[in-house]
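In what follows, a structure is listed as structure tokens, so that the remarks can point back to it.
The values are calculated or read from the model by the stated rules, or taken from the named source; none is laboratory data. Bear in mind the structure is a predicted one, so any value in this text is a computation, not a measurement. When we count neighbours, we look across all protein chains shown, and the Cβ atoms used for this are built from the backbone with ideal geometry, even at glycine.
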Amino acid sequence: MAEVSAAWAAPSAPAPAPPVPAAAPGTGSTAPDATGARRLEGVRPIPLRPLGVLELLDGAVGAVRALRTGLVARASAVAGVCALVGLGVLWAFDAAMKSAIRIHPLITTDYFGLTTVQYGQTSTDAVFGAFAVSVLIPTVFCGFAATVVAGLLSRPVREYIDGNRSNGSNSGNGQGTNGARPATPSIPRLCVLAAITAIPRVIFTGLFVVLALAAANDPSGSYAGIYTLLIVVGVPLCFWFTAQFAVAAPASVLEGLGPASALRRGGKLVSAGRWRVLWASLLTLAITTAVTLSLIVLQYSIYDDHGISDLLNGDPVNSSTYWWLAADVVVAALFSALTVPFRAAVAALLYVDRRFRREGLDIRIAWARVARANGGGKGR
């Protein structure tokens, strides 16, 4: 298990070893890091009490501002890679839909008994399914990236809440006493955790994919009832699991838990405040979507209006289409890089807020600050 600070340890964790006393002045082993101080300078501190939803959002902005440049780059890289994979999955679905539409024309009969065969056209059920999948696939991959990045940002968010401006001292951030920075959280373990938390959304999206392709292969069929049933049953379940797993990644990193233990721990923390966690998560998603709406519209406009789908399907295109493909990839990666760190910081602060409310973590942090100010007490 990773080293966990006394103040932040779970209530069930064993008592930690006594801390190493602070080095005498002039030794240089606990000198404050001026870079860390500059990062936190001018950033509003997190109040040590249960947080309101707007305080969570404001704190997430401050936490992102306080991040080191290298960590922001890693988080943006994770978000960008997930966005590109999502774009590839979306292209595969689009290619399958177009193939089905070409093979199965739309056959309609009017009131006078006149039958019309329309090649390259499909039913409204298939169009609705294609639109829903084009929204759900990026949502699933952005959610996966947000879970991974929430784990990466958990320790910096803890540093931000502690008000610790030293990267080299033994101040309870999972660091050693030799001035070394904390070890980077295990990305493979976070990916496993993110994959588990994404299972409900993947199943929901997969069912929409199946229905959309079925409607494209059978344009005369009626799928409105199945769509309605899927939405009525699937959306509440996805919301429930979103709240249930919202703080699993920060719990995994900050408490040194494996994926299964982190899921149980996260579920326990949100059990008495699931609606509040869900509301904060959905509000965060709505805000990031509204702020970056122009990028979303631009991405879909580039994809639909400049022959990118034809290029990916191997059809003849103009040479400029390759540049439009590159622009579409850049916009997709930029959207994820701008939104995922903020969503991840909100998830980390939700974990903190749940522990403030359930376990009195705010009081323990306050006592740890007093102990640190008095020369390195036990901090618990």
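Here are some notes:
- Just one residue in the set ALA246, ALA280, ALA262, ALA290 is in contact with a Ser or Thr (Cβ under 8 Å, 6 or more places away or on another chain), closer than 21 Å to LEU338 by Cα and hydrophobic (A, V, I, L, M, F, W, C); that residue is ALA246.
- Being polar (S, T, N, Q), surrounded by fewer than 16 Cβ atoms within 10 Å (Cβ to Cβ), at pLDDT 85 or above and over 30 Å from ALA251 (Cβ atoms) is a property that does not hold for SER134.
- Single residue of SER166, SER99 found to be modelled with pLDDT under 90 and buried (at least 16 other Cβ atoms within 10 Å of the Cβ): SER166
- Long-range neighbours under 6 Å by Cβ, at least six apart or interchain, first residue closer than 30 Å to VAL235 by Cβ within the stretch 136-164, second at pLDDT 90 or above and among the charged types (D, E, K, R): VAL140/ARG201; ALA146/ARG343
- Tally of residues being at pLDDT below 80 and either aromatic (Phe, Trp, Tyr) or part of a helix (DSSP H, G or I) (or both) across the stretch 38-67: 3
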